[in-house]
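To keep things clear, I will list the structure first and then write my remarks on it.
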Amino acid sequence: MHQITGFLTVDTPGLGLLPITRKVVDWVAGQRVQTGLLTLLCQHTSASLTIQENADPDVRRDLDDAFAGLAPPGGAERYRHHLEGPDDMAAHIRTVLSGVHLAIPITGGRLALGTWQGIYLWEHRRHPHRRRIALHLMGE
Amino acid sequence: MHQITGFLTVDTPGLGLLPITRKVVDWVAGQRVQTGLLTLLCQHTSASLTIQENADPDVRRDLDDAFAGLAPPGGAERYRHHLEGPDDMAAHIRTVLSGVHLAIPITGGRLALGTWQGIYLWEHRRHPHRRRIALHLMGE
Amino acid sequence: MHQITGFLTVDTPGLGLLPITRKVVDWVAGQRVQTGLLTLLCQHTSASLTIQENADPDVRRDLDDAFAGLAPPGGAERYRHHLEGPDDMAAHIRTVLSGVHLAIPITGGRLALGTWQGIYLWEHRRHPHRRRIALHLMGE
């Protein structure tokens, strides 16, 4: 049993769910682990990680709309914390709701994801950002 | 230190939180691990895993109602993604909000859950589905 | 590779996000693990664990307000489960939305958190409670 750590850097184009399954799969493939556990932690407070449908891109747009309803952008009239822009506090709320870490078993050398599951970095700010994800893989 | 992987198959009767604590406890008991870490991943995008109160079933009904309020069912008037039925996009949103993975320490050969905690597979579609959960246990 | 389990006990002053990063960092420091994986599980159904901004305390107040909007307190007119007080069912919903477990890689003997990330125990009940968090650390 051994473990490997690393980082993924992802440049986001602004608000939205960015597919990162391929990046994650490639990183895992290089580690030659047949059975194990992969953990991902997004090191930010206004971007999150989620597993969702990998087929119809409309699902991602609807998710963005739904989250805009649950945590609307706003200034001083809505939030105490508003100096970093009207999308900042909303981004913190959206990040809490969707989560910053994932744990995915590895079996047969592959991520044990379902057929329709993909991994997404969800950028919750309007503007492009460089985001960093810490990776930890343990197995053999 | 060793690891074991497996799967649980759960047939859901449709919308609602289905208790799976017993199934999980039984699977862990068969692996003879005294101290370790259990990871569960629901391999679907419209069903989730959550830890919640194991006593009053009304909590589960209220959770369903609350989530119906946060992510209402709807067709083309509400969602871009609506061809799989009025409960489908809502189910995706509900799944993101509640999460598809759990990590539970094992101590003294038992899941380190609190007294009132139970593990639930939360079916977010109206109709019955067969759901699969990937399991990973590491320990000794 | 070895593993250590333990518990943190946290006394909350009532509703709000309580910083526990220091407690967690201190516990990890005592275990002399350079590379590994830390898992935390809050053993309650009305308190959660989240990673959020560690700088401006207004973020925490806004998070509390946002969650009060998503899961309003209420009695029999709103919830079936209401005998434990108007904040109880709301606390269960808030706990599901924010989650009870965290997984954090350890690299270079430190938690691989981002610069602005802190760990919080989020008390969702109005009154003070004693909360217990199960810890599991695996590494070397």
Going through the stretch B:86-101 in order, the residues found to be touching a helix residue (DSSP H, G or I) at 6+ places or on another chain (Cβ under 9 Å) and either within 14 Å of chain C (Cβ to nearest Cβ) or on the phi > 0 side of the Ramachandran plot (or both) are B:ILE93, B:ARG94, B:VAL96, B:LEU97, B:SER98, B:GLY99
Per the filter on the stretch A:98-123, residues farther than 20 Å from C:THR50 by Cβ and of a type in the set (D, E, K, R) are A:ARG110
- Report whether or not A:GLY109 is surrounded by 21 or more Cβ atoms within 10 Å (Cβ to Cβ), farther than 28 Å from C:LEU121 by Cα and either touching a residue at least 60 places away in the same chain (Cβ under 8 Å) or of a type outside the set (Ser, Thr, Tyr) (or both). no
Considering the stretch A:16-34, residues that are of a type in the set (A, V, I, L, M) and open to solvent by 40 Å² or more (accessible area, probe 1.4 Å), and then whichever is farthest from A:PRO105 (Cα to Cα), we arrive at A:LEU18
Fill in: Meets criteria (open to solvent by less than 30 Å² (accessible area, probe 1.4 Å), closer than 19 Å to A:LYS23 by Cα and either touching a helix residue (DSSP H, G or I) at 6+ places or on another chain (Cβ under 9 Å) or within 13 Å of chain B (Cβ to nearest Cβ) (or both)) for A:GLY114
yes
(1) in contact with a Ser or Thr (Cβ under 8 Å, 6 or more places away or on another chain); (2) open to solvent by 10 Å² or more (accessible area, probe 1.4 Å); (3) away from chain B (no Cβ under 14 Å) all hold for A:GLU140 apart from (3)
| request: Kindly check whether there is at least one residue in the stretch A:94-101 that is assigned to a strand (DSSP E or B), touching a residue at least 12 places away in the same chain (Cβ under 8 Å) and open to solvent by 10 Å² or more (accessible area, probe 1.4 Å). | output: yes
(1) in contact with a Ser or Thr (Cβ under 8 Å, 6 or more places away or on another chain); (2) within 12 Å of chain C (Cβ to nearest Cβ); (3) surrounded by fewer than 20 Cβ atoms within 10 Å (Cβ to Cβ) all hold for B:TYR120 apart from (3)
Condition set within 9 Å of chain A (Cβ to nearest Cβ) and free of Cβ contacts under 8 Å to residues at least 12 places away in the same chain, scope the stretch B:59-83, selection surrounded by the most Cβ atoms within 10 Å (Cβ to Cβ): answer is B:TYR79
Note: among A:THR12, A:THR45, A:THR39, just one is open to solvent by less than 40 Å² (accessible area, probe 1.4 Å) and either under 26 Å from B:GLY75 (Cβ atoms) or in contact with a helix residue (DSSP H, G or I) (Cβ under 8 Å, 6 or more places away or on another chain) (or both), namely A:THR45
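The values are calculated or read from the model by the stated rules, or taken from the named source; none is laboratory data. What you are looking at is a predicted structure, and each value in this text was computed from that prediction instead of being measured. As a convention, Cβ positions derive from the backbone with ideal geometry for all residues, glycine included, and neighbour counts pool all protein chains shown. Areas reflect the complete protein model, heavy atoms only, side chains present, ligands, DNA and RNA absent. Shrake-Rupley method; radii C 1.70, N 1.55, O 1.52, S 1.80 Å.
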